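Computed from the coordinates by the stated procedures, all read-outs in this text should not be read as laboratory data. Quantities reported herein were computed from a predicted structural model and do not represent experimental measurements. Positions of Cβ are generated from backbone atoms using ideal geometry, with glycine treated the same way; all protein chains shown enter the neighbour counts.
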Amino acid sequence: MPELPEVELVARALDRIVGGRVVAKAELLRPGLAPENTPREFARLLRGARVERVGRRGKHILIELDNGQVIITHLRMTGRFLMLPARGALPKHTHALFRLDEGRRLAFTDQRHFGLMKVVHAERLAEARELRDLAPEPFSDEFTPEQLACVLGRTRRTLKDVLLDQTKVTGLGNIYAAEVLFLARLDPFAPANALPRRSVARLHRSILEVFGEAIAHGSTMNVDPEDIEGSYFGGGFSGHWRVYDREGEPCQHCGAGICRISHAGRSTYFCPRCQRG
Ligand SMILES: [Zn+2]
């Protein structure tokens, strides 16, 4: 599942490719993709609109249009955007299709049907259910060690649990949460409200560092405009992961074997020696 860095890279790639283009025609081919818009409304709201900018909020892609509408997209497991030539068969699982003024088509495909799309007016964007409860953006001024300390101090849930909760900290999923906790040398299972202040500062720094390096790494990759997907790091970047998917391998700091604990269908990777704090 794409996490903040992957979604950021998809948004940047989309911005490069469709920014400034006009949607000549929009079709919602699987109504379940955008359950809050009818196919007719979807077509009507988007037809003739120019793409002003493609951005991101949390793990949601925001396609901002010059008629005030915004397309919110969550890729979930297998959602991806593809640029297609003007003519030709659609790929399997094409659930939305945007014909652009220059002739090409932007398709949204989703093999597993977990992706979500919604068209809302920019004025109502902040109150959209998908966005309204999200924690501050990690790279915004609102995300500070003080803010993080306040969030952590209010709950006895485990650190990892809190990091994965998008209303507490935005953008982390299972992979980057493991990386952040390792870099900050923190026990994933420690209660959040027991964290000393200096550890919170380290955690805050680690979140920014892990996201920053992944985005920087991805921005040097050549994103294929014909496959704007959200899983860029499946192959190449995985070699850079510090603990994720490294069960039994030596910790890069202390040499102890990396542990994996499975809970509720999710694996937690950590160094039992470095991450006691
Ligand atoms: Zn270690």
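Structure above, values below:
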read-out: Relative contact order (percent, whole number), segment 40-162, Cα cutoff 8 Å, 6+ residue spacing; value: 21 percent
read-out: Around Leu106: net Lys/Arg minus Asp/Glu count, Cβ-Cβ under 10 Å; value: +4
read-out: Spatial separation of Cα centroids for segment 3-34 and segment 239-259, in angstrom; value: 36 Å
read-out: Tensor-based shape of segment 123-277 (alpha-carbon gyration tensor, a/c under 1.5 rounded, otherwise prolate or oblate); value: oblate
read-out: For Ala24, residues with placed amide H under 5 Å, excluding near neighbours; value: Gly48, Arg99, Leu100, Asp101
read-out: Contact order normalised by residue count of the chain, Cα under 8 Å, 6+ apart, percent; value: 19 percent
read-out: Quotient of Cα Rg and 2.2 N^0.38 Å for segment 134-189, N being how many residues it contains; value: 1.04
read-out: Amide hydrogen neighbours beyond the local backbone of Gly173, cut-off 5 Å, H modeled; value: Leu4
read-out: Along principal axes, Cα extents of segment 176-220, largest first, whole Å; value: 39, 17, 13
read-out: The chain: Lys pairs at Cα distance under 28 angstrom, eight or more positions apart or on different chains; value: 10
read-out: GluC sites (Glu not before Pro), loop per DSSP, at most 10 other Cβ atoms within 10 Å - longest free stretch of the chain; value: 143-277
read-out: Volume per residue that the Cα convex hull of segment 35-99 spans, once the total is divided by residue count, Å³; value: 116 Å³
read-out: Sequence-distant residues sharing a close amide H with His95 (under 5 Å, placed H); value: Phe108, Thr109, Asp110
read-out: Leading residue at positive end of dipole, the chain (Cβ point charges), from Phe108, His93, Ile228; value: His93
read-out: Overall form of segment 46-157 per C-alpha gyration tensor (a/c, 1.5; a/b vs b/c); value: prolate
read-out: Computed log₁₀ I(q)/I(0) - Debye formula, equal Cα scatterers, no solvent, the chain, q 0.08, 0.12, 0.17 Å⁻¹; value: -0.37, -0.77, -1.29
